[in-house]
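Below is one structure; the comments refer to it alone.
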Amino acid sequence: MTLKLLLLSWKLSFVLIAFQGCIVISYGTYSSPAISDSITIDRKESLHWYGRRKGDVLALPNLRLEVLPINERVTISIWGLIVPFLPLPGGSNESALYSPFQFLMTLRILDGDDKLTLLPGEIVLQFHDGKSIRPSAFWGPQSGPANCRAYENTKVRQAATPITPTHESLAITTGTCVTLLFDRSPPPPDEEFSLLVKGIRQGGKPIGVPAINFQRESMWVMERAHDN
């Protein structure tokens with residue numbers, strides 16, 4: 001190995017070690033489900049310096065549902081090896097990376113019945129100005145946490161052709177997820193909206209899922225950079 005290659009190897013190793021040892025303090029906002037008489041949050045997921053990869057888990061009357069609206073705004077990240085001191089801009093969410101004019105949302109069924117079916121085209125986003133929108137396309141269904149998170153990655157979605165919703169139901173089981181695509185820009189976390197999940201059926205009969213209302217959530221978080 002030449003001296004230049006040896007020095008380059010040392011530099012790359014130092015950068016890798018420094019990055020993995022970095023402490024990051026981040027601040028951001030995102031949309032979170034509101035608690036109501038018929039909806040409780042069974043598990044609340046945090047924000048990270050790179051955004052959000054998991055959604056909050058809701059305990060509904062008939063099933064548990066993980067919901068991830070991909071509209072988070074990480075506005076600032078402060079980096080440092082031991083004490084964070086270097087402010088940097090926050091990262092973009094996956095919706096903005098995929099397209100600034102399309103809004104992505106991932107749904108994952110948890111602890112549901114094995115005889116469930118889903119019609120993605122019957123899911124509705126409703127806004128306070130009275131406008132509503134249905135998904136124009138979706139990816140999935142996928143099963144298992146790893147596969148669900150894979151479809152939340154921009155490069156994976158761009159390599160796969162999204163499916164246009166039809167009247168054909170999808171068989172879903174525990175752990176099944178779909179990523180929905182809505183033809184509008186991601187709503188800012190300050191904008192309240194509701195998700196109407198009308199397309200879930202059990203044995204051919206609709207399951208009554210209450211409207212899921214989203215509101216602004218903000219968070220400071222400190223973590224190691226290699227937690228992604």
Once the other residues with Cβ under 14 Å from the Cβ of GLY130 are scored (Lys, Arg +1; Asp, Glu -1), what is the net sum? -2
Going by how many other beta carbons lie within 10 Å of each one, how would you line up ILE35, ILE82, fewest first? ILE82, ILE35
Cut-off is 10 Å between beta-carbons; in what order do TYR30, TYR50 appear when sorted fewest neighbours first? TYR50, TYR30
Protection proxy ranking, peptides 41-49, 167-175, average beta carbon neighbours within 10 Å, highest first: 41-49, 167-175
Can you list residues whose amide H is under 5 Å from LEU110's amide H, if they're 5+ apart or on another chain and H is modeled 1.01 Å from N? ARG64, LEU65, GLU66, GLY175
In nm, to one decimal, how far is the modelled label at ASP37 from the one at GLU191, with both set 7 Å along Cα→Cβ? 3.0
Whole-Hz couplings from phi, Karplus 6.51/-1.76/1.60, listed for the stretch 206-222; x for Gly and Pro: x, 8, x, 9, x, 4, 9, 9, 10, 9, 5, 10, 10, 7, 9, 9, 10
The set of residues whose placed amide H lies less than 5 Å from the amide H of ASP56, leaving out same-chain residues fewer than 5 positions away, is GLU45, VAL67
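Read-outs: derived from the displayed coordinates by stated rules, not from any lab. Keep in mind that this is a model prediction, so the values were computed, not measured. We place every Cβ from the backbone using ideal geometry, glycine too, and count neighbours over all the protein chains shown.
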